[in-house]
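First the structure, in the form of structure tokens, and then the observations on it.
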Amino acid sequence: MKKRQIHWKQTVFFIGGMGFIILLAAGFITIVDEWQEQEIEAFDSAVYSGVSTLKAPGVTAFMKGITYLGGVEWISILTALAVILFMVFKKYSLGIYVLLTVLLGGGFNWLLKTYFKRERPDLEALVEQGGYSFPSGHSMGAFILYGALAFAVFRLYDHTWSKILGAAVLMLLVFLIGLSRIYLGVHYPSDILGGFSAGGVWLLFSILVYTFIKGGRPWRKISNL
């Protein structure tokens, strides 16, 4: 009876995961279609205009600090620290998972940017930023790294509220990083949505692969990691 229950949970988990991957991929494709058909400018302009009303010296300083938390330098540092901690506490599988998910996710973002080659907004940006615009590397990288850490929180803690609170804080940070890129004028809002959707696809795929390798049981207790 217990084996049947575990098998049922595995099936629901993987079907649900694949469903979300398909939805996120469809969202990404929709954004690309709207952009290539030049039908997304109104959305980008409306969102940017709304975000621009928040501009103030204090908000600008805050957004510059937040945007750093989604940059390559900080993501590299935090990834290295997370992997080291996992290894020190003998959570080897989670350490390898985070390392590969972030590294390969970064390569995935580079491929997408190189393929689409969307130029950055023609705006007076508040920070200097080179490279292509779509999908946002900060948004995609943050979604992948902090999402992977949120998944690790779910694996490591038994208390439901600890899991929910930890994941909620990390996802709020991801949202703020995306918002900061619009505020600072270095990305279109559609770049951010593209980064979130592509990052979500990669993150969910990595979670499914990890749980499959570990036996398809994402709800395992820490003692079984």
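The values are calculated or read from the model by the stated rules, or taken from the named source; none is laboratory data. Since this is a predicted model, take the numbers as computed values, not measurements. When we count neighbours, we look across all protein chains shown, and the Cβ atoms used for this are built from the backbone with ideal geometry, even at glycine. Side chains included, ligands, DNA and RNA excluded: accessible areas come from the protein's heavy atoms. Shrake-Rupley method; radii C 1.70, N 1.55, O 1.52, S 1.80 Å.
Treating r as the C-beta distance of L123 and W74 and R0 as 25 Å, the FRET efficiency rounds to 0.55. Spin-label model, A42/I213: points 7 Å from Cα along the beta carbon direction are separated by 4.6 nm. Taking springs between alpha-carbon atoms closer than 10 angstrom, which of W35, W161, W74 fluctuates most in the Gaussian network model of the chain? Residue with maximal mean-square fluctuation among W35, W161, W74: W161. Largest to smallest in accessible area, the residues H138, H159, H187 fall in the order H159, H138, H187 (1.4 Å probe, all protein chains included).
Sort region 22-144 into rounded, prolate or oblate with this rule: let a ≥ b ≥ c be the square roots of the eigenvalues of the Cα gyration tensor; rounded if a/c is under 1.5, and if a/c is not under 1.5, prolate when a/b is larger than b/c, oblate otherwise.
Numbers: a/c = 2.45, a/b = 1.45, b/c = 1.68.
In terms of gyration-tensor shape, oblate.
Ordered from largest to smallest accessible area (heavy atoms of protein chains, 1.4 Å probe), the residues T30, T60, T211 come out as T30, T60, T211. Computed over the chain with a Gaussian network model linking Cα atoms closer than 10 Å, the most mobile of A25, A142, A198 is A25. Neighbours of Y132 by Cβ distance under 12 Å: Lys/Arg scored +1, Asp/Glu scored -1, total +2. When M18, M87, M140 are compared by accessible area of protein heavy atoms, the largest-first order is M18, M87, M140, using a 1.4 Å probe. What label, among (i) 0.94; (ii) 1.08; (iii) 1.17, belongs to Cα Rg over 2.2 N^0.38 Å computed from the structure on display? Among (i) 0.94; (ii) 1.08; (iii) 1.17, the one calculated here is (ii). What does the accessible area per residue of the chain come to in Å², with a 1.4 Å probe and no ligands, DNA or RNA counted? About 56 Å² of surface per residue is accessible. Counting only protein heavy atoms and a probe of 1.4 Å, the accessible surface of the chain is 71% carbon and sulfur. Springs between alpha-carbon atoms under 10 Å, Gaussian network over the chain: tell me which of L170, L193, L100 tops the mean-square fluctuations. So, out of L170, L193, L100, the one fluctuating most is L100.
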